[in-house]
Structure formats: C-alpha cells, structure tokens
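Structure first, then comments.
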Amino acid sequence: MKESQLRLLATRRLLPLFTAQFLGALNDNLFKNALVILITYRDTSNARTSEILVTIAGAIFIAPYFLFSATAGQIADKFEKQHLVRVIKLWEIGVMILATAGFAFHNIVYQMTVLFGLGIQATFFGPVKYAIIPELLDESELMEAGTFLAILIGTIAGGLLILAPHGGAIVSAALLTMAGLGWIASFFVPRAREGDTGLRINWNIATETWRILRHAFGSPRLRMPLLGISWFWFLGIAYLAQFPNYAKAVLGANNEVVTLFLTLFSIGIGAGSMLAGRLQRGEVSLRMVPVGATGLMLFGLDFWLGGRLFGSGDGLMGAAEFLSSPQHWRIVVDLVGIALSGGFYCVPLYVAMQARSEPDYRARVIAANNIMNALFMTVAGVLSAAMLAAGLGITSIFLAIGIANVAVTIASWRGR
C-alpha cells in the first residue's frame, strides 16, 4: 500500500520542499496583495490612478514569467536542484529585506521595483520546484496541493494585516520570518540527481522561449496538461480579480465578504486537491479532469445566475449579515463548488505534466508551462477589463467564463 499524503508530509522527501515552496508562494502573495491594498487606499480621491497602479502591479509581477522562464528552465536542468533551492530561497530573503525598507518609507515606485524582483525570484524557483518533485517521490506521490492554497492565504493575510495598526511593520516581520524559515527548510531538501552538465545555456530569451514552447507542445502527451493548467489559472485570475467588485456592486457587501469568499475559495481548492490525490491512488491519469471541468461549468453558470438575483441595496453588509440570509447560501455553495472542482481538475494535470516530461528536459517543460500560465492570466485580465470598459457588468464576465467552460468540458471528455 502506498503512503498516504498525510504520512508523506512527515517524511524528509516531501516536508522540507513542501515547506519551502508553500512559504514562498504565501510570501509572494502576502507582499503583492499588501502592496495592492496600500495603493488602493493611499489616495481615495483619485480612484482612476489607483486602478491603473493596481493593474500595473499585476503586470509587473507576471512579466518575469514571460521574460525569464526559458532561462530559468535551462538552469534548473543544468545544475543539481537541491543547491539551486538553497540559493533561490536565500535570494528571497534579500528581496524581502528590500521590501521592508519600502514599507518603512512608503515609496510605491520603489515597491513596484521590489515586486518585479520578487517575480524574477519566483520565476526561477518554479521550474526547480516542480522538476525536483519526481526525483524525490514516486509518481504516485506527485501532488499539486499547496501552491494555490498558499496563494490565497497570502492574498487574504496581505489584505487584512496591512490595514491593521502598524500594518507595514507586521507585514514586514511576516515576510522576513517566512523567507527565513523557507531558507532553513531548503537545507533539509534531499539531494537530487546531478543535472545535465553538458547543457549549454542559450541566453537569447526570445529564441529559447520559442524553442521550449515548441518542444513542450510538440508532445501530444504534454499538450493537454499544459493547456488545461493554463485554463485553470485563467479561471483563477478571472474570478479572484472580480471578487471585490462583485461583493460591493452586485451583492452590496463590504470587504469582510471579500475575505470570506477568498477563504472559502482557498479551503475548497485545498479540499479538492486532497480528494483528487486520494482518488488517483498513484495513477498518472487524466480521467478525473472532465469531472472537474463539468463541476467548474455547472457551478460557474449557477454562480452567474445567482448573482443576477441580488441588488446592492443602500448599505454594505458584513460577513455575519451576509451569512445570516438563506438566499445568500446559494452563492456560498456555488463558490465552494467552483473551488472544489478546480482542485479536482488541476491536480491530475500537474501530475501528468511532471510524470510525462523527460527527466533531462523536465524543468524546461515547467518553464513552458509558466510562460503559458502567464499568457493566459494576462489575457484573462485584459478581456475582463475590456468587458467592463465596454459597459458590461461584472456578472457578464462570470457568464462568459461559464460559456467558455462548456467548450472546455466537452473537449476534456473527448480527450480523456
């Protein structure tokens, strides 16, 4: 019998790496969302400027995935990955020291530069993290459960802590503490196999990006996992970006309800991921992907339909008032259903991507995945902004997502 996921978390094979990657993802999003909240509330008299700065912040963090993923993938394939994990986690401490200075001096432009540096660090850590997992664990033990959960927890914590008294100091202490703990955890990651020392790194970003994309998508076994994962991130960004506006403009609720939505989303993703890992039972298979896609479609369409039944009212209700109304539980059920389905959908895709990649090219496949994810996330943001600019409501975005999920669901059933 294979080790359970919980027992596996207690082993040296997984716990140090899981800890390092979880804290890193949490740190990225704690800093990013704290910065976004600061921008939003820094000058409430000029909402348009705040919206532009927030949009720029998202683009700045994603940009390094476009620019440096190809180089990061080559480096991860060339060198021994345990050493790379330690170096990159030490790099994170340096970035967080710079971030604390930004919070102390309240310099938004400086913090934007730090955000770009953090995006570069995350870009280089991703291929190493995912490429080392198959070297330390059996295929049955591959599981993408912690990253999205850490992202959402970091997002929630960033929004709550930065607005507390002495919020900048609290966030700074949290960032440094988690970066330090992540670096310590990296020393306990087992040594992986030696890299491809004969690999010659192509420093031309454009040509290498095209090369790794062509190689990854040239494999029929990798094509569906790569496209499916990118669609998952498209959905994630499209939903998460609209939660604040949806809560306020559609439901007539305040930021407590936004935090409630993010919490429910994080719990649902984590639960769905764990359930998918248990049901896979060590098998590398995409048979559960259509089931997850069907859930995303059905719950997503009902989420759109349910939101059309409410008005904003005169005041903004808090989380307790929102939950006290039975009619709002339809929204809660749909939201949890979307998150559970998302976890159920994405885990088999991540497992297949890692397991089907050639060992000597695995990190570059991960890099190709990061590039595609960044592209899909950017498109999600641009399309959402374009729909809002055209005068379409927030619920229209959710309807468009639901309709698109119909096509994705049909394709996933045919391609399983």
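A short reminder: the numbers here are calculations on the coordinates, not readings from a lab. Fair warning: this is a prediction, and the values are worked out from it, not measured in the lab. Every residue, glycine as well, gets a Cβ built from its backbone with ideal geometry; the counts of neighbours run over all protein chains shown.
If you model the range 219-416 as an ellipsoid using its alpha carbon gyration tensor, with each semi-axis the square root of five times an eigenvalue, the axes come out at 32, 18, 14 Å, biggest first.
Here the extension length gained between Glu283 and Trp329 equals 13.0 nm, from 0.36 nm per residue of separation less the Cα-Cα distance. Using C-alpha pairs under 8 Å with a sequence gap of at least 6, the mean separation divided by the residue count of the chain gives a relative contact order of 26 percent. Ellipticity at 222 nm from helices only: DSSP H runs of n ≥ 4 in the chain, each -39500 (n - 2.57), divided by the residue count, give -27000 deg cm²/dmol.
By the count of other C-beta atoms within 10 Å, a proxy for reagent exposure, Arg364, Arg86 are ordered fewest to most as Arg86, Arg364. Per-residue 3J(HN,Hα) values for the range 259-267, derived from phi via the Karplus relation 6.51 cos²θ - 1.76 cosθ + 1.60 with θ = phi - 60°, read 4, 4, 4, 5, 5, 4, 5, 5, 5 Hz in sequence order (x marks Gly and Pro).
Taking amide H positions as modeled 1.01 Å from N, with prolines and chain starts lacking one, the residues under 5 Å from Met317 and 5 or more places away or on another chain are Ala253, Asn254.
When Rg and the Kirkwood Rh are both derived from Cα coordinates, the Rg/Rh ratio for the range 169-320 amounts to 1.06. Each of Trp231, Trp183 has some number of other Cβ atoms within 10 Å of its Cβ, and from fewest to most they run Trp183, Trp231. If R0 equals 35 Å, the separation of the Cβ atoms of Trp413 and Asn245 corresponds to a calculated FRET efficiency of about 0.60. Dipole of the chain computed with +1 at Lys/Arg Cβ and -1 at Asp/Glu Cβ about the Cα centre; of Gln354, Pro244, Gly277, farthest Cα towards the positive end is Gln354. The alpha carbons of the chain give a radius of gyration and a Dmax of 20.8, 67 Å, in that order.
Counting only Cβ charges, +1 for Lys and Arg and -1 for Asp and Glu, the dipole size of the chain around its Cα centre is about 780 debye. Across the range 386-400, coupling constants 3J(HN,Hα) worked out from phi with the 6.51/-1.76/1.60 Karplus curve, θ = phi - 60°, read 5, 5, 5, 5, 7, x, 7, x, 4, 5, 5, 5, 5, 5, 4 Hz, and Gly and Pro carry x.
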